[in-house]
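Below is one structure, written out as structure tokens; comments come after it.
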Amino acid sequence: MASPPPFKISLAQWSLHKAFKSKQLDPLNFATLANGYGFDAIEYVNQLYEGKATDKAYLAQLKRRAADHGVWSVLIMIDHEGDLGAAEPSERQKAVENHKKWVDAAAFLGCHAIRVNAHSRGSYAEQVKLAADGLRRLATYADPMGINVIVENHGGLSSNGAWLAEVMKAADHPRCGTLPDFGNFKIADGQEYDRYKGVEEMMPFAKSVSAKAFDFDKRGQETKIDFARMMKIVTDASYHGYVGIEYEGDRLGEEAGILATKRLLEKVRDNLWRAQKV
């Protein structure tokens, strides 16, 4: 029997956020666009669906278009719904409540997760405790629906891989996990966490992975991130799920950047696949 590929590739909607936000593209057509680029899985961004989380008719259209094109809805990336690690208990609970509608929407669309942030305030240890509490509350709500609550390294202490690993251990919930992003390791101005170390620290808890890309050289290699090294870390952690392309460059247009990232990931995947067959 032939061995399965080391990982699968999905498209994160943020890769097209400029076109969506400028109204050049309709977010309702995301699955159609992704299918045209050769993807069979997509990751939504809630910022592009403001006011639609509880609109069942609209969500039904999203779901139908994905199904019509053979595209799986992987997850929804959630921002601007409050800090799950807020120091004030009422604010933390409000953030949990704000996220619940997106858990419901994710379940309706057939996603496996929502991606959230773990922003907090206070000391290192205090923020571990606060973020873990908010995440655990939300994961408890999401559990009966089969939805995972996964945290991306997204600035501040969340970009410290060791800190986020501590949060996962403190949350201690099977529905809590991480979404390691190759590019988001800025802790503060002038302070960057080692991206390879960070991804390695987050991978034991990973339920999805984000392949951030900015630019490419003449050989098609990403100029800031060693994709072969990153994907070796990912697959060595026994992760073989979807890796979402999130292109954020400026030199190439969004479509060209997406396709360049896809070609690179496919090349890395093929090399890993050949290596595992030897």
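A few remarks follow.
- You can think of it this way: the chain between residue 218 and residue 270 has 16.7 nm of extra reach, that is 0.36 nm per residue less the Cα-Cα gap.
- Cα centre as origin, Lys/Arg/Asp/Glu Cβ charges: segment 1-159 dipole, Debye: 240
- Radius of gyration, Dmax [segment 93-146; alpha carbons; angstrom]: 12.1, 38
- Rg over Rh, two decimals, the chain (C-alpha only, Kirkwood Rh): 0.95
- Loop sites in segment 1-85: GluC sites (Glu not before Pro), DSSP, at most 13 other Cβ within 10 Å: 50
- Pair-distance profile P(r), taking every C-alpha pair of segment 60-134, with 5 angstrom steps and integer %: 3, 17, 22, 18, 14, 10, 8, 5, 3, 1
- Qualifying trypsin sites (Lys or Arg not before Pro) for segment 32-86 [loop in DSSP, other Cβ within 10 Å: at most 14]: none
- Using R0 = 41 Å, the C-beta based FRET efficiency linking residue 21 and residue 162 works out to 0.75.
- Taking the accessible area of the chain, probe 1.4 Å, and keeping the other protein chains in place, the carbon and sulfur fraction comes to 50%.
- As a rough guide to protection, the peptides 180-188, 131-139 ranked by mean Cβ packing within 10 Å, highest first, stand as 131-139, 180-188.
- Calculated FRET efficiency for the pair residue 80/residue 172, C-beta based, R₀ 30 Å, to 0.05: 0.65
- Euclidean distance of C-alpha centroids, segment 93-167 and segment 236-262, integer Å: 23
- Within the chain, helices built from complete DSSP H runs that reach 30 Å or longer along their own axis (Cα positions) and carry a mean Kyte-Doolittle hydropathy of -1.0 or higher are 89-109, 254-277.
- Rolling a 1.4 Å probe over the protein heavy atoms gives the chain an accessible area of 44 Å² per residue.
- Segment 107-234: C-alpha gyration tensor shape, a/c 1.5 cut-off, then a/b vs b/c: oblate
- Distance between the 7 Å Cα→Cβ label points at residue 255 and residue 191: 4.3 nm.
- Amide H to amide H distances under 5 Å link residue 25 with 20, where only residues 5 or more positions off or on other chains count and H is placed in the peptide plane.
- Value of D in µm² per second that Stokes-Einstein yields for segment 224-278, Kirkwood Rh from Cα pairs, at 25 °C (0.890 mPa s): 200
- Site pair residue 228 and residue 61 shows an inter-label distance of 4.6 nm when each label is modelled 7 Å from Cα along Cα→Cβ.
The values are calculated or read from the model by the stated rules, or taken from the named source; none is laboratory data. This is a predicted model, so every value here is computed, not measured. Here Cβ is always computed from backbone atoms with ideal geometry, including for glycine, and neighbour counts include all displayed protein chains. In case anyone asks, the SASA skips ligands and DNA or RNA and just uses the protein heavy atoms, side chains included. Shrake-Rupley method; radii C 1.70, N 1.55, O 1.52, S 1.80 Å.
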